[in-house]
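Student: Attaching a single structure in structure tokens format; questions to follow.
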Amino acid sequence: MNKKIIVTGGLGYIGSHTTIELIQNNFQVVVFDDLSNSSQKTIARIETITGEKIIFEKVDLKNEIRTGQEFSKHKDALAVIHFAAHKAVNESVKNPLNYYQNNLFAILNTLKWQYELGIKNFIFSSSAAVYGSPESLPISENNKIQRPLSPYGNTKKISEEIIEDFTKINSDFSAISLRYFNPIGAHDSGKIGELPKGIPNNLMPYITQTASGVREKLKVFGNDYPTKDGTPVRDYIHVVDLAKAHIKALTRLIENKQEKPLEIYNLGTGNGFSVLEVIKSFERISGLKLNYEIVTRREGDVPELFATTDLAFKKLGWKAELGLDEMVKSAWKWEQNYRNHNI
Ligand code: UFG
């Protein structure tokens, strides 16, 4: 059986962890990546961890002709897992056209070429951002979709609409959209992890970079929210658990088990942790005192987000297995390896 899978953005944070899981489940992986927010060194790290080679094609998916050429080389693939996208929320607010152009051209060209060349299965990397400021908690897949708070989030909402329209008229095309909550953590080998370019926007890399001395102090954005300790609550999910969910979704598509042309699943743990709880977990695990201060709220933050996870369990047979401490421990191991050995 041919088990070739194209992974766009396969050298990025979630893409690289998923590539490892794919290889460990006997898939052959072809990575398409433009290296705009990833490093070519990740290829060697993945190969060291798995003991297998990956095929790498440097391609900018905004370029329709080049994208077509690359897909033509790999038209024997069974499916595409589409991660390639810009993902920094505040950057997208400052430069919306760049985000719409990058994220939307990439999905349009991917869908067009894969379909034309006969690759009929598609997994999309979506986000809890499509729920906007949620009306009720926990957030189920049936929660109302609302205008996301950032252009980044809106590219995810629009992308899902594009996929929905596309699957409606192409009955031989199947898609699954996975809505991630807050992915953190790293591979337990300590060889790959999140490596944001420049100053991190997200909590976990900011914590680990502060502890390793790259950043002076973590700013905690607000402690006057209506939550358990006043700081915002999020559904943090280990990136390796998240990667495993993609294998389950892929298997469902390949085995033709999907019940609708487009299926949508939340990927979270169902547990909400506050910013202070994440900091406490980090201090306990690292044995360090984190330098942080409470400052005013960050624009666009909602008080609380956490998922219902029943649907993914029922239909994909997947649930998150790793807890907050394991997420924090692996993120810290990666940060230390990266800083000390420049791997
Ligand atoms: N936070 C801080 N200080 C920081 C960074 C973050 O206090 O330096 C706080 C935020 O205020 C928030 C929490 O930590 O309360 C988590 O913030 P992140 O930036 O890590 O994550 P978000 O929940 O804001 O964003 C995540 C994804 C986005 C996605 C969004 C959808 O990173 O891609 O969820 O809900 F759009």
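The values are calculated or read from the model by the stated rules, or taken from the named source; none is laboratory data. Quantities reported herein were computed from a predicted structural model and do not represent experimental measurements. Cβ sites come from the backbone with ideal geometry, for glycine too, and all protein chains shown count toward neighbours. Heavy atoms of the whole protein, side chains included, go into the accessibility calculation; ligands, DNA and RNA do not. Shrake-Rupley method; radii C 1.70, N 1.55, O 1.52, S 1.80 Å.
Student: Viscosity 0.890 mPa s, temperature 25 °C: Stokes-Einstein D of the range 191-343 from its Kirkwood Cα radius, in µm² per second? Walk me through the numbers on the way to the answer.
Tutor: Numbers: Rh = 17.1 Å.
Using the Kirkwood radius from Cα pairs, D works out to 143 µm²/s.
Student: Report, in degrees rounded to the nearest 10, the 0 to 90 angle that the Cα long axis of helix 151-169 makes with the longest principal axis of the chain.
Tutor: 30
Student: Averaged per residue, what accessible area in Å² does the chain show with a 1.4 Å probe, protein chains only?
Tutor: 44
Student: For the range 293-306, what does the Karplus curve 6.51 cos²θ - 1.76 cosθ + 1.60, with θ = phi - 60°, yield as ³J(HN,Hα) per residue in whole Hz, taken in order and with x for Gly and Pro?
Tutor: 9, 7, 10, 6, 4, 8, 4, x, 7, 9, x, 8, 9, 8
Student: Beyond 31 Å, what percent of the Cα pairs of the chain remain?
Tutor: Result: 29 percent of Cα pairs exceed 31 Å.
Student: If you don't mind, there's one more thing I want to ask. What is the antiparallel percent of DSSP beta bridges lying wholly in the chain, to the nearest 5?
Tutor: Looking only at bridges with both residues in the chain, the antiparallel portion is about 5 percent.
Student: Let me ask you something else. How big is the range 1-103 in terms of Cα radius of gyration and Dmax, in angstroms?
Tutor: Values for the range 1-103 (Cα only, Rg and Dmax): 14.0, 47 Å.
Student: If you take the Cα atoms of the range 124-174, find Rg, then find the Kirkwood Rh from the mean of 1/r over all pairs, what is Rg/Rh?
Tutor: 1.03
Student: With an 8 Å Cα cut-off and a minimum separation of 6 or more residues, compute the relative contact order for the chain in percent.
Tutor: 19
Student: Among the aspartates and glutamates, select those whose C-alpha is under 20 Å from the C-alpha of K280, and discard any that sit fewer than 8 residues away in the same chain.
Tutor: Here the aspartates and glutamates satisfying the reach criterion relative to K280 are E216, D224, D229, D235, E293, E304, D325, E326, E335.
Student: Additional query: Using the Karplus curve 6.51 cos²θ - 1.76 cosθ + 1.60 with θ = phi - 60°, work out ³J(HN,Hα) for each residue of the range 318-334 in order, rounded to whole Hz, and write x for Gly and Pro.
Tutor: These are the phi-based 3J(HN,Hα) values: 10, 8, 5, 10, 9, x, 4, 4, 5, 5, 5, 4, 5, 5, 6, 4, 4 Hz.
Student: Which of the three applies to the range 297-343, rounded, prolate or oblate, going by the alpha-carbon gyration tensor with a ≥ b ≥ c and a/c under 1.5 meaning rounded?
Tutor: Values: a/c = 3.27, a/b = 1.39, b/c = 2.35.
Taking the square roots of the gyration eigenvalues as a ≥ b ≥ c, the range 297-343 is oblate.
Student: Further question on the same structure: Counting Lys +1, Arg +1, Asp -1, Glu -1, what net charge surrounds N266 among other residues with beta carbon under 10 Å of its beta carbon? Numbers along the way, then the final one.
Tutor: Working: positive: R179; negative: E141, D235, D310.
So the environment of N266 carries a net charge of -2.
Student: Decide, for the range 82-191, between rounded, prolate and oblate: order the square roots of the alpha carbon gyration tensor eigenvalues as a ≥ b ≥ c, take rounded if a/c falls under 1.5, and otherwise choose prolate if a/b is larger than b/c, else oblate.
Tutor: Because its axes are fairly even, with a/c under 1.5, the range 82-191 counts as rounded.
Student: Each label point is 7 Å from the Cα along the Cα-to-Cβ direction; what then is the distance between the points at K4 and K314, in nm?
Tutor: 3.8
Student: How do the peptides 153-161, 317-325 rank, highest first, by the average count of neighbouring beta carbon atoms within 10 Å per residue?
Tutor: Result, highest mean Cβ count within 10 Å first: 153-161, 317-325.
Student: If you don't mind, there's one more thing I want to ask. Mind jotting down a quarter of the surface of the convex hull over the alpha carbons of the range 171-242, in square nanometres, one decimal?
Tutor: 8.2
Student: Could I ask something else about it? Share of the chain's accessible area from carbon and sulfur, percent, 1.4 Å?
Tutor: 49
Student: Starting from the Cα gyration tensor of the range 204-281, multiply each eigenvalue by 5, take the square root, and state the resulting semi-axes largest first in whole Å.
Tutor: Semi-axis lengths for the range 204-281 are 35, 17, 9 Å.
Student: Would you please give the residues with an amide H less than 5 Å from that of V31, counting only those at least 5 places away or on a separate chain, with H modeled from the backbone geometry?
Tutor: V7, I55, F56, E57
Student: Express in Å², to the nearest 10, the accessible area of E293 obtained by rolling a 1.4 Å probe over the protein heavy atoms while all chains stay in place.
Tutor: Counting only protein heavy atoms, the figure is 70 Å².
Student: Further question on the same structure: Would you please put 248-260, 273-285, 11-23 in order of how densely packed they are, using the mean number of other Cβ atoms within 10 angstrom per residue and starting with the highest?
Tutor: Averaged packing, sorted descending, gives the order 11-23, 273-285, 248-260.
Student: Kindly express, to the nearest 10 degrees and within the range 0 to 90, the angle between helix 41-50's C-alpha long axis and the longest C-alpha principal axis of the chain.
Tutor: Once rounded, one gets 80 degrees.
Student: Find how many whole Å separate the alpha carbon centroid of the range 229-248 from the alpha carbon centroid of the range 276-314.
Tutor: For the range 276-314 versus the range 229-248, the Cα centre distance is 11 Å.
Student: Could I ask something else about it? Where does each of 236-247, 140-151 land if you order them by average Cβ count within 10 Å, highest first?
Tutor: Top of the packing list down: 236-247, 140-151.
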